[in-house]
1. Going by the conditions given, is Asp186 among the charged types (D, E, K, R) and either closer than 30 Å to Lys110 by Cα or outside any loop (DSSP other than H, G, I, E, B) (or both)?
2. Given the options Leu132, Leu121, Leu127, Leu181, name the one that is open to solvent by less than 20 Å² (accessible area, probe 1.4 Å), over 19 Å from Ile85 (Cβ atoms) and not small (Gly, Ala, Ser).
3. Any residue at all in the range 32-40 that is modelled with pLDDT of 95 or more, farther than 28 Å from Asp164 by Cβ and assigned to a helix (DSSP H, G or I)?
4. For the range 192-228, how many residues are of a type in the set (A, V, I, L, M), without any contact (Cβ under 8 Å) to a residue 60 or more places away in the chain and surrounded by fewer than 19 Cβ atoms within 10 Å (Cβ to Cβ)?
5. Are there any pairs with C-beta distances below 6 angstrom linking a residue in the range 82-106 that is closer than 14 Å to Val6 by Cβ and of a type in the set (A, V, I, L, M, F, W, C) to a residue that is at pLDDT 95 or above and open to solvent by 30 Å² or more (accessible area, probe 1.4 Å), with the two at least 6 apart or on different chains, and if so which?
6. For the range 157-171, indicate whether the set of residues that are in contact with a helix residue (DSSP H, G or I) (Cβ under 6 Å, 6 or more places away or on another chain), over 22 Å from Phe72 (Cβ atoms), aliphatic (A, V, I, L, M) and touching a residue at least 12 places away in the same chain (Cβ under 8 Å) is non-empty.
7. Only one of these is touching a His at 6+ places or on another chain (Cβ under 7 Å), open to solvent by 10 Å² or more (accessible area, probe 1.4 Å) and under 22 Å from Ala179 (Cα atoms): Lys20, Lys100, Lys110. Name it.
8. Out of the range 47-66, which residues are surrounded by fewer than 19 Cβ atoms within 10 Å (Cβ to Cβ) and of a type in the set (A, V, I, L, M, F, W, C)?
Amino acid sequence: MKKKLVVLTGAGISAESGIKTFRDSNGLWEGHDVMEVATPEGWRKNQELVLDFYNKRRQQLKEVQPNLGHQFLAELENDFDVHIITQNVDDLHERAGSTKVLHLHGELLKVSSIQNRNVILDWKEDLFTGDLDENGHQLRPHIVWFGEDVPALEEAIEITESADYFAVIGTSLQVYPAAGLIAYTDHKTPVFYIDPKPIAIPNLRNKVVIISKIASEGVADLREHLKSI
């Protein structure tokens, strides 16, 4: 039976493919205050702005490709039962070939009903005011905005608790509740932390291997570490 490798990924792995994160420049995300485009209040204040913002992100996603970091993680499925828990809303893990991907913060290529968040539809083109679910309710980007609950959190915790190995790749470990997942690992589970600027992880009893590299280079190192265990 394959050992279970659980990987928490963040913006750092997608940045290598050309997808920007709002943390790149003074809290602005593609020139917008995140409070305007990534909160329920922003949606209520200016629905058209929010729809246009995510339409542009959706179009941008079509122009980028998975990088070596995504590809190496997909290839690890040959030797491990790999589960990816990602904070990213892009589909680059799936396009690289990973088969078990849980999106904590939603997905750009899906929309949901403002009346019932369990009504989720695949959506690859632009979304406009007047695009409705079958009951006549407006559709919105299927994104977990700041201030909203994270529906996938319980599943993520269950996956983390059963990990034989746990890796953190390209995330600052500053965004909760995702950053708190590492605390649910068994204390005997080895943790691998890949980031060019790793931070200290407080109160963690696990053995931690720090790989101070960008995602694509770090995942290559991760493969070698896992082979030697």
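The values are calculated or read from the model by the stated rules, or taken from the named source; none is laboratory data. Note that the structure is a prediction, hence the values are computed from the model and not measured. Heads up, the Cβs are rebuilt from the backbone with ideal geometry, glycines too, and the neighbour counts pull from every protein chain shown. The area values use the complete protein model at the heavy-atom level, side chains included, leaving out ligands, DNA and RNA. Shrake-Rupley method; radii C 1.70, N 1.55, O 1.52, S 1.80 Å.
1. no
2. On inspection, the qualifying residue turns out to be Leu127.
3. So far as the range 32-40 goes, yes, one or more of its residues are modelled with pLDDT of 95 or more, farther than 28 Å from Asp164 by Cβ and assigned to a helix (DSSP H, G or I).
4. Total meeting the criteria: 7.
5. Filtered contacts from the range 82-106: Ile84/Val101; Val101/Glu94.
6. Taking every residue of the range 157-171 in turn, at least one turns out to be in contact with a helix residue (DSSP H, G or I) (Cβ under 6 Å, 6 or more places away or on another chain), over 22 Å from Phe72 (Cβ atoms), aliphatic (A, V, I, L, M) and touching a residue at least 12 places away in the same chain (Cβ under 8 Å).
7. Lys100
8. Of everything in the range 47-66, those that are surrounded by fewer than 19 Cβ atoms within 10 Å (Cβ to Cβ) and of a type in the set (A, V, I, L, M, F, W, C) turn out to be Leu49, Val64.
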